[in-house]
Structure formats: structure tokens, C-alpha cells
Amino acid sequence: MSPFKSSSGLPEHIAAALCYLFSFVGGIVFLVVERRSQFVMFHALQSVIFFCGMMVVHVIVGFIPVIGPLIASLLSILTLVMWVILVVNAFQGRWFKIPLIGDIAESQLRHF
């Protein structure tokens, strides 16, 4: 039995992992392409919200004098760790939800 395919023609878990692999750009692409798989659309929404949010926070922290670069470095490490966790969980077919962001993505998924 073959795994469920998304609208892109890829298996769901691969499409979901690609949403994170290419940061928010992958999420946007799959939001545009995907029409069938709730799993892929959830991960695409979560990717867009998380990575865009991290970019905004990174820019804001950049304006903080003295400790801004330290906080930005810690944010970069956190983002890298979360990126790996998200890619691995999506590839394994898990509905991994980031606290708060996952809830927002889930509520937005109902509008699709």
C-alpha cells in the first residue's frame, strides 16, 4: 500500500518536511499548491507562522543595544534546533505542534 499523496504528487510526510526544509518559502509554496492534505497544510501554516515570526523577532532584537547581538545569537540557535525538530517530525508523519503557533495554525486550517 502506498502512502497518501498530497496535491503536489509527493507523499504527505515528504511534502510536510519540505514545508520546513525551505523555511517559510516552502510553507508558502505548499499553501498555494496543496488542496487535499490537511496534514501538509497544517505543517505549511505552522512553517510560515514560525519562521516569519522568528524573522520579525530577530529584527526587533537587533535594535537592542549591547545585549541585542547575544539575544540574536541565542535566537539563531533556537531556530536551528526547532528547524531540525520540525523537519524530522514532519518526515516521520507526526502532527508535531509548536505551543501557541501550532494552535494558531490549527485554527487557520479550519478556514481552508
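Restrict the check to the range 42-57 and report whether at least one residue is open to solvent by 70 Å² or more (accessible area, probe 1.4 Å), in contact (Cβ under 8 Å) with a residue 60 or more places away in the chain and within 26 Å of K5 (Cβ to Cβ). Spell out the reasoning first.
Step one: list which residues in the range 42-57 are open to solvent by 70 Å² or more (accessible area, probe 1.4 Å), which gives 55-56.
Applying the additional criterion that residues be in contact (Cβ under 8 Å) with a residue 60 or more places away in the chain yields none.
Within the range 42-57, none of the residues are open to solvent by 70 Å² or more (accessible area, probe 1.4 Å), in contact (Cβ under 8 Å) with a residue 60 or more places away in the chain and within 26 Å of K5 (Cβ to Cβ).
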Looking at the range 1-28 only, could you name the residues that are among the β-branched types (V, I, T) and touching a residue at least 12 places away in the same chain (Cβ under 8 Å)? I14, I28
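Need at least 3 residues that are closer than 18 Å to K97 by Cα and among the aromatic types (F, W, Y) per element, so show me which helices (runs of 4 or more DSSP H) inside the range 1-87 make the cut, counting only ones lying wholly within it. Lay out the reasoning, then the answer.
Values: elements: 12-21, 23-33, 38-62.
Once the helices (runs of 4 or more DSSP H) in the range 1-87 are filtered for at least 3 residues that are closer than 18 Å to K97 by Cα and among the aromatic types (F, W, Y), what remains is 38-62.
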May I ask you to list the residues in the range 88-101 that are within 17 Å of H13 (Cα to Cα), in a helix (DSSP H, G or I) and open to solvent by less than 80 Å² (accessible area, probe 1.4 Å)? V88, N89, A90
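Results for (1) in contact with a Lys or Arg (Cβ under 9 Å, 6 or more places away or on another chain); (2) within 14 Å of C19 (Cα to Cα); (3) at pLDDT 95 or above, shown as yes or no for each residue.
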| residue | (1), (2), (3) |
| --- | --- |
| S47 | no, yes, yes |
| V88 | yes, yes, yes |
| R94 | no, yes, no |
| F112 | yes, no, no |
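The values are calculated or read from the model by the stated rules, or taken from the named source; none is laboratory data. None of the values given here were measured: they were computed from a predicted structure. Because the Cβ atoms are built from the backbone with ideal geometry, glycine has one as well, and the counts that use them run over all protein chains shown. Protein only, heavy atoms only, side chains kept; ligands, DNA and RNA dropped before computing areas. Shrake-Rupley method; radii C 1.70, N 1.55, O 1.52, S 1.80 Å.
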